[in-house]
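The values are calculated or read from the model by the stated rules, or taken from the named source; none is laboratory data. It should be emphasised that the depicted structure is a prediction, and the values quoted were computed from it without experimental measurement. Cβ coordinates were reconstructed from backbone atoms using ideal geometry, including for glycine residues, and neighbour counts include every protein chain displayed.
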Amino acid sequence: MRMVQSPAIMTAIAGDERRALSLGRVDLNLLVALEALLDEANVTRAAERVHLSQPAMSDALQRLRRLFGDELLVRVGRQYQLTAFAIELQEPLHELVQMAGDIIQRRELFEPANDSRSFNVVASEYSAYILIQPVLQRLAHAAPGLSLRLQRSTPGEHEKMASDLIVGLWPGTGAAEFGLQSEILFHDRWVCIVWSGNEHIGDTLSLQQYMRQPHALYQASARGGLGMADRTIRDMNLPRRVQVSVDSFVLLPLLLQGTPQVALIQERLGRKLAAVADVRVVEPLFDTPPLAEAMYWHSRNTSDPAHRWLRTMLREVAAELNP
């Protein structure tokens, strides 16, 4: 079997000739501890993540500092920050640990009732609430040893390469470039929501009526990241009064109670949160962009039995979602 060696890590290990270190003399469990330390930038959380005691993780950090000849984590005030060298190590380290995990966990068969497996899943709040939550209900009975580590983010290059599964909008930006396979799971559409006590808006809303209302909208960051439907409205260059923006589609309807604001949201999410958030769904009488959710995975996982089983589970749950 060919050993894949990360240039950054191997150079660091072999760089000091006086220590004459070789891969055979390195405790590879330290790389798992190092990944947790660099991801969490916190000794206590890193220890909890890999099921070590805090003293054991502190000892691992000291050994790693000696091994690499770098502090890796430096205390700034009451928190740790990564050194420049530690930041350089993060991406190749994730790849090495992921590959090692794939080798160890790969089997010809997967028995969901008995086998254990952990998956890193990137999903938006919307995807997690609508799809992953009912999947978890099934896993509790069908595959109690299977666990998901959910990460809410917009997948960048690192997430695309390190994650086992991504659930997000279709089409996915750069999916083919990173060798990702994909499959559409379900479709949704954009609707308007208002506070249930808003008596000035009926069951439908024309574009002219919509533009006259104060708006609440999803915005991932101060510089952009609008939802698809709000981007369409923005591109019309019509006068618009945005009263509040928030970086969470789940939180968005909860802000409308007692206000005249109107928001655009995915219909499945709006109807599921209607009672909790005290809002009602209003039919927009104007065009909104099509909306589809898909799952993405790296081609290296296509034939993995456990990964195939999880994809089948997502496919079945998506098929049972109410239209």
Item to check | Filtered residues of segment 258-288 (kept if at pLDDT below 95 and among the polar types (S, T, N, Q)) | outcome: 288
Checklist outcome for this item: Of the residues in segment 121-145 that are modelled with pLDDT of 90 or more and either part of a loop (DSSP other than H, G, I, E, B) or in the same structural domain as residue 271 (by TED's automatic domain parsing) (or both), the one that is nearest to residue 49 (Cα to Cα) is 145
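Residues being part of a helix (DSSP H, G or I) and either without any contact (Cβ under 8 Å) to a residue 60 or more places away in the chain or of a type in the set (Phe, Trp, Tyr) (or both): count how many of those fall in segment 26-41. Before the answer, list the steps.
Here is the first cut: in segment 26-41, the ones part of a helix (DSSP H, G or I) are 29-40.
Next cut, either without any contact (Cβ under 8 Å) to a residue 60 or more places away in the chain or of a type in the set (Phe, Trp, Tyr) (or both) only: 29-30, 33-34, 36-40.
Of the residues in that region, 9 qualify.
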Next on the checklist: Suppose the filter is at pLDDT 95 or above, hydroxyl-bearing (Ser, Thr, Tyr) and farther than 30 Å from residue 114 by Cα; does residue 153 pass it?
Outcome noted: no
Item to check | Checklist (1) surrounded by fewer than 20 Cβ atoms within 10 Å (Cβ to Cβ); (2) out of contact with any helix residue (DSSP H, G or I) (no Cβ under 6 Å at 6 or more places or on another chain) applied to residue 261, failing item | outcome: (1)
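Just for helices (runs of 4 or more DSSP H) wholly inside segment 176-287: which have at least 3 residues that are closer than 28 Å to residue 317 by Cβ and touching a residue at least 40 places away in the same chain (Cβ under 8 Å)? Before you say what the answer is, go through the steps one by one.
Details: elements: 207-212, 228-235, 267-277.
Fully inside segment 176-287 and qualifying: 267-277.
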Checklist entry - Do you know which residues across segment 71-91 are polar (S, T, N, Q) and under 19 Å from residue 58 (Cβ atoms)? => result 79, 81, 83
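Which of the residues that make up segment 67-88 are in a helix (DSSP H, G or I) and at pLDDT below 90? Let's see the steps before the verdict.
As a first pass, look at segment 67-88 and keep what is in a helix (DSSP H, G or I): 67-68, 84-88.
Result: 67, 68.
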Item to check | Subset of segment 247-284 (residues that are among the hydrophobic types (A, V, I, L, M, F, W, C) and closer than 20 Å to residue 209 by Cα) | outcome: 256, 262, 263, 264, 265, 279, 281, 282
Checklist entry - Taking the stated definitions as given, is residue 48 part of a helix (DSSP H, G or I) and in contact (Cβ under 8 Å) with a residue 60 or more places away in the chain? => result no
Checklist entry - Only one residue in 84, 100 is exposed (fewer than 15 other Cβ atoms within 10 Å of the Cβ) and farther than 30 Å from residue 225 by Cα, so which one is that? => result 100
